[in-house]
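Below is one structure, written out as structure tokens, with a few remarks after it.
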Amino acid sequence: MGCFFSKRRKADKESRPENEEELPKQYSWDQREKVDPKDYMFSGLKDETVGRLPGTVAGQQFLIQDCENCNIYIFDHSATITIDDCTNCIIFLGPVKGSVFFRNCRDCKCTLACQQFRVRDCRKLEVFLCCATQPIIESSSNIKFGCFQWYYPELAFQFKDAGLSIFNNTWSNIHDFTPVSGELNWSLLPEDAVVQDYVPIPTTEELKAVRVSTEANRSIVPISRGQRQKSSDESCLVVLFAGDYTIANARKLIDEMVGKGFFLVQTKEVSMKAEDAQRVFREKAPDFLPLLNKGPVIALEFNGDGAVEGCQLIVNEIFNGTKMFVSESKETASGDVDSFYNFADIQMGI
């Protein structure tokens with residue numbers, strides 16, 4: 001007993017001319033553009049400056065291995081990047097959707113942005129990092145970290161294509177899987193470290209076409225102090241709600257506060273539920289609940305004597321009419337900061 005469709009296929013076959021060959025079936029994976037792994041690899045190079053321009057990697061995986069005394073620049077977003085057995089190299093990596101994994105590398109200086117960052121069996125790396133999750137080192141020593149600082153025109157779009165937020169950066173919250181008693185396998189770079197002294201702008205004709213700036217005030221990622229010791233007992237929490245100008249407003253507020261001598265400690269971009277708002281905003285929560293449905297919020301922590309009053313003045317003068325949560329007083333500010341970032345870290349699995 002057959003089915004209707006089997007009869008129809010038989011009829012179709014019988015109606016085909018004898019000399020006409022049956023075409024092979026086409027599947028979606030057959031029509032994908034073939035990828036040559038060699039196009040996404042730097043291997044066995046020595047004393048060279050090489051790179052990839054914006055649009056030439058376009059989310060593919062990349063491999064860097066067995067390179068010595070090289071300057072390597074990936075000016076595009078990628079899926080994952082593995083760096084193996086490299087010595088005395090300068091490396092810039094555009095936004096990486098997944099992980100960046102250094103293995104058995106020595107004496108390298110790097111600037112990179114990624115979802116996950118891991119180092120194993122490495123020695124003496126200096127890394128300017130933007131990482132959405134807690135960076136991990138393992139069986140490594142003398143690893144130094146600073147905050148990502150870089151700009152070129154395509155970089156903001158590449159962050160978006162990689163699914164990374166410029167405000168989710170745990171660059172200094174390092175976890176060491178293999179700590180050594182009495183020793184510290186990692187540390188933070190000096191706060192006044194100049195990124196261009198470590199990872200200079202490329203000078204080859206091809207790569208000079210990318211209009212790079214390493215000026216702090218142009219960095220795509222806000223430069224934060226992270227886990228460094230705070231200069232004051234007073235901090236202020238500001239939460240900006242989703243809208244057309246949220247990112248621009250956050251950048252403007254950072255510029256104004258830093259310009260007045262306050263420090264940006266940390267930033268986060270996360271979604272909030274009603275119960276989260278109740279815990280963070282307390283009696284003001286009803287005012288903000290309708291805004292939570294519009295998208296993730298951006299939170300900024302500023303530190304410095306007078307941070308709360310200074311922030312309130314700037315918000316009232318420049319952002320009058322824009323709905324924001326700002327710590328009401330320095331007595332409550334510390335609790336505001338702890339409540340928000342504890343919730344955010346749990347949500348992000350940090």
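The shape of segment 64-104 comes out oblate: with a ≥ b ≥ c from the C-alpha gyration tensor, a/c is at least 1.5 while a/b does not beat b/c. Quick check: the angle from helix 307-318's long axis to the longest principal axis of the chain, C-alpha only, nearest 10 degrees? Value to nearest ten degrees: 70. When you filter the GluC sites (Glu not before Pro) in segment 128-208 for DSSP loop state and at most 12 other Cβ atoms inside 10 Å of their Cβ, you are left with Glu183, Glu191.
In terms of Cα atoms, the Rg and Dmax of segment 230-348 work out to 13.1, 36 Å. For segment 209-276, chymotrypsin sites (Phe, Trp or Tyr not before Pro) are listed when DSSP marks them as loop and at most 12 other Cβ atoms sit within 10 Å of their Cβ; the list is Tyr245. Counting only DSSP beta bridges whose two residues both lie in the chain, roughly 25 percent are antiparallel. Taking every alpha-carbon pair within segment 118-167, the share separated by more than 12 Å comes to 69 percent. Note on Ser334, Ser235: ascending count of other Cβ atoms within 10 Å places them as Ser334, Ser235, the fewest first. For the chain, the percent of C-alpha pairs falling in each 10 Å distance bin, counted from 0 to the bin holding the largest distance, reads 5, 22, 28, 19, 12, 6, 5, 3, 1.
Pairs Lys34/Lys124; Lys38/Lys208; Lys268/Lys294; Lys230/Lys260; Lys252/Lys273; Lys273/Lys323: which are spaced more than 28 Å apart, C-alpha to C-alpha?
Lys34/Lys124
Relative to the longest principal axis of the Cα atoms of the chain, the long axis of helix 330-348 makes an angle of roughly 10 degrees. Size descriptor for segment 37-208, Kirkwood hydrodynamic radius: 15.8 Å (Cα pairs only, one decimal). Under the classification rounded if a/c is under 1.5, otherwise prolate if a/b is larger than b/c and oblate if not, where does segment 310-350 fall, given a ≥ b ≥ c as square roots of the Cα gyration tensor eigenvalues? Because a/c hits 1.5 or more and a/b fails to exceed b/c, segment 310-350 counts as oblate. Take the alpha-carbon centre of segment 214-257, take the same for segment 276-313, and report the distance between them in whole Å. Taking the Cα centre of segment 276-313 as reference, the centre of segment 214-257 is 14 Å away.
Axis angle, to the nearest 10 degrees, between helix 4-15 and the longest C-alpha principal axis of the chain: 50 degrees.
Where a number appears in this text, it was derived from the coordinates with a stated rule and is not lab data. If you're wondering where the values come from, they're calculated on a predicted model, not measured in any experiment. We place every Cβ from the backbone using ideal geometry, glycine too, and count neighbours over all the protein chains shown.
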